[in-house]
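Encoded as structure tokens, the structure appears first; notes follow it.
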């Protein structure tokens, strides 16, 4: 019996090749998209799950409270970790890490600047599960010259050599001994650490600062003992901080509250935190992709159901004949459900090679390294296979019961079941639902694109084009920055040069200042700059003047703030801020105060990510701290200019390789991950529309086939091809117009909610929904009109003979 059903199902598939192809290819693409998105979502959710007892591991984050604003930081003072271990029995271990990017590492002929470079407490290997290929986790970071490297760095510098015990050079003057090699963790991790140097090394250089509660520069991780509640511990920590720490930090105007962030949440749920590492995902994109996967599968299934229900009327006589010769209702239901499940299984088998072919392109777009291992992912594949069976059942359920309920006398006598209206209504509902989803996805794609384009094109408040930045690596270069500038400006292609500590999109110092009469410091972002910084970046003055060597007191007694600082410091307008006194505790002379006045107010400019609002900012001339050089070049002849830069570099820092970045690259990287994901979003939205139109193609073809006799009669009666095409087109056009009306408020609400995550965002324009509707309608009209015109052009004699 089953063998007979299988033969009938295969025969029926080949007899109706066009409909079978549309059904199978649409469902295969839908399943493939779901599988790709599942791999992406699974990988995103698996970050840091490899840590032993991961539910007990947290990162400490800082909530800095002020009466007028609130700031969330990933960074903590260095005293947090030792205080946790000393005062809380619930703490099993705690560790500090500080990132020091741009360090020169050398081994024999290999020398590179490494950015993922950390100093860490030796206890970091007890808090986090950082598996070692070589070395002992208990002793690997005990020595001041000990260093652990990743397997990638080991291959980069040592090749096939065993790196253990080898000596590498740090910044030309420090020798480090490799005491461990990190293995690749079982799951992805937020912490991209290529080199970890012992914290004992840091204690040699700034032991006093490690006792500070005001120096927010450290990532702090803590492992709590089993059965310790994170929220309860956080409350206890808050009480301790208020009692023991607040009296100390209040003198510096700092009001910190420390919170625990589960280590498994760091990768996807850190969007609200400042000074985080760049390797971050976005939980909203994970949700969005999961919804798209569901939408695509729903559209594919609706296509399946649509065509199955539409074609069911063509098989009415077959049902009548089978019932006359003795087939009962259960056998007919089993046969048609079997046919439906067979087609879904074929679609599933076709989806696997589609995924394999698409993965390299998907990885390139998403920035992930997803893989589908049929052996390792057997449960995933088996689960999806099992899911395809209910899809087949769902798609075939209505037609099976509908067909099996026909009375033989009705279908054999007139081929009329009396249930055509209900069947047509179901198809209309399915078509409307498909295009509601399609319109929502088109509108969402357009809004995502416009928002990201807005961020990329937004006026930053300065001219970022043709700005080049490099680190002044050597002490000689930093001390002789004026000579470096003079040498650089000898080239006519270099129009400006300036030294600073800090630059937009990169390094920004967080510090505190006081006004006359203040007891506590006020937090503020700070650059230390030379006299040429403002004209080099082409910052605009809102009031006052830039720094000038013509004013002998500018180095000791002058400050420039931004418009936001003028407002939040209580000065009011930029003009009223001029002459106001500001007091700052000097970095190089901790016991000395720099007391000066505001000589200028610059217009607000974006010195941080565009995901963050512009905050109060101050700059002042403070030589001795400069470690960056910013160059503005003319647009033409860039290679010759770079050659001149490198020659100048070799004069002042011959022991270091020359390395530079363009400032616009910093801001490009800020939206790079979102740009890539928006491209993936666009592709999947396009596939959803394609699958919807594929189903529409089948329905139109079926509709035209059902009305073959009607078309022939109308042509004989004098109807033109255009009139018949419009006749066949109008019904589907009405459905799409209804879908547009339903989808518009849904799309507006969803995207309005999404945009709230951006402090600088577009306004949703009505034309976006008109565009989404127009595109859906255009696809519909092209799809329907093609087949309708083809049917209308058929010779009426052939049309009438078919009956």
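General remarks:
- Boolean, residue 349 is modelled with pLDDT of 80 or more and exposed (fewer than 15 other Cβ atoms within 10 Å of the Cβ): yes
- Candidate set: segment 13-51, residues that are touching a helix residue (DSSP H, G or I) at 6+ places or on another chain (Cβ under 6 Å) and at pLDDT below 75; chosen: the one surrounded by the most Cβ atoms within 10 Å (Cβ to Cβ): 19
- Residue count, segment 640-659 (criterion: loosely packed, with under 13 Cβ neighbours inside 10 Å and touching a residue at least 40 places away in the same chain (Cβ under 8 Å)): 1
- Out of 668, 636, sole residue that is farther than 30 Å from residue 574 by Cβ and in a helix (DSSP H, G or I): 668
- Of all residues in segment 539-561, exactly one satisfies the criterion of being surrounded by fewer than 17 Cβ atoms within 10 Å (Cβ to Cβ), within 14 Å of residue 575 (Cα to Cα) and touching a helix residue (DSSP H, G or I) at 6+ places or on another chain (Cβ under 8 Å), namely 541.
- For residue 125, the conditions (1) under 18 Å from residue 263 (Cα atoms); (2) in contact (Cβ under 8 Å) with a residue 40 or more places away in the chain are fulfilled apart from (2).
- Every test in (1) farther than 30 Å from residue 467 by Cβ; (2) surrounded by 15 or more Cβ atoms within 10 Å (Cβ to Cβ) is passed by residue 718 save one, and that test is (2).
- Qualifying residue in segment 610-621 (condition: within 32 Å of the chain's Cα centre (by Cα), in contact (Cβ under 8 Å) with a residue 12 or more places away in the chain, under 22 Å from residue 477 (Cβ atoms) and surrounded by 16 or more Cβ atoms within 10 Å (Cβ to Cβ)): no
- Positions within segment 136-147 being surrounded by fewer than 21 Cβ atoms within 10 Å (Cβ to Cβ) and closer than 16 Å to residue 193 by Cβ, in sequence order: 137
- Residue in segment 209-224 that is outside any strand (DSSP E or B) and within 28 Å of the chain's Cα centre (by Cα) present: yes
- Residue in segment 762-770 that is assigned to a helix (DSSP H, G or I), over 27 Å from the mean Cα position of the chain (by Cα) and surrounded by 13 or more Cβ atoms within 10 Å (Cβ to Cβ) present: yes
- Unique residue being touching a strand residue (DSSP E or B) at 6+ places or on another chain (Cβ under 8 Å), outside the structural domain of residue 251 (by TED's automatic domain parsing) and farther than 24 Å from residue 632 by Cα when the list is 588, 578, 539: 578
- Pick from segment 262-282, criterion touching a residue at least 40 places away in the same chain (Cβ under 8 Å) and outside any loop (DSSP other than H, G, I, E, B), ranking: nearest to residue 427 (Cα to Cα): 264
- Qualifying residue in segment 741-757 (condition: modelled with pLDDT under 85 and either part of a helix (DSSP H, G or I) or out of contact with any strand residue (DSSP E or B) (no Cβ under 8 Å at 6 or more places or on another chain) (or both)): yes
- Among residues of segment 214-239, those that are touching a strand residue (DSSP E or B) at 6+ places or on another chain (Cβ under 9 Å) and closer than 18 Å to residue 88 by Cα, counted: 14
- Qualifying residue in segment 155-174 (condition: out of contact with any strand residue (DSSP E or B) (no Cβ under 8 Å at 6 or more places or on another chain) and in a strand (DSSP E or B)): yes
- Whichever residue in segment 465-503 is at pLDDT below 90 and in contact with a helix residue (DSSP H, G or I) (Cβ under 8 Å, 6 or more places away or on another chain) and, among such residues, is surrounded by the fewest Cβ atoms within 10 Å (Cβ to Cβ): 465
- Residue in segment 708-718 that is part of a loop (DSSP other than H, G, I, E, B), free of Cβ contacts under 8 Å to residues at least 12 places away in the same chain and outside the structural domain of residue 560 (by TED's automatic domain parsing) present: yes
- A single entry from 675, 634 fulfils the requirement of being surrounded by fewer than 16 Cβ atoms within 10 Å (Cβ to Cβ), in contact (Cβ under 8 Å) with a residue 60 or more places away in the chain and under 35 Å from the mean Cα position of the chain (by Cα): 634.
- Within segment 191-212, if we keep just the residues that are touching a helix residue (DSSP H, G or I) at 6+ places or on another chain (Cβ under 8 Å) and under 22 Å from residue 54 (Cα atoms), the residue that is surrounded by the most Cβ atoms within 10 Å (Cβ to Cβ) turns out to be 196.
- Residue match in segment 551-559 (condition: within 14 Å of residue 601 (Cα to Cα) and outside any loop (DSSP other than H, G, I, E, B)): yes
The values are calculated or read from the model by the stated rules, or taken from the named source; none is laboratory data. Since this is a predicted model, take the numbers as computed values, not measurements. Note that we place each Cβ from the backbone using ideal geometry, even for glycine, and neighbour counts take in every protein chain shown.
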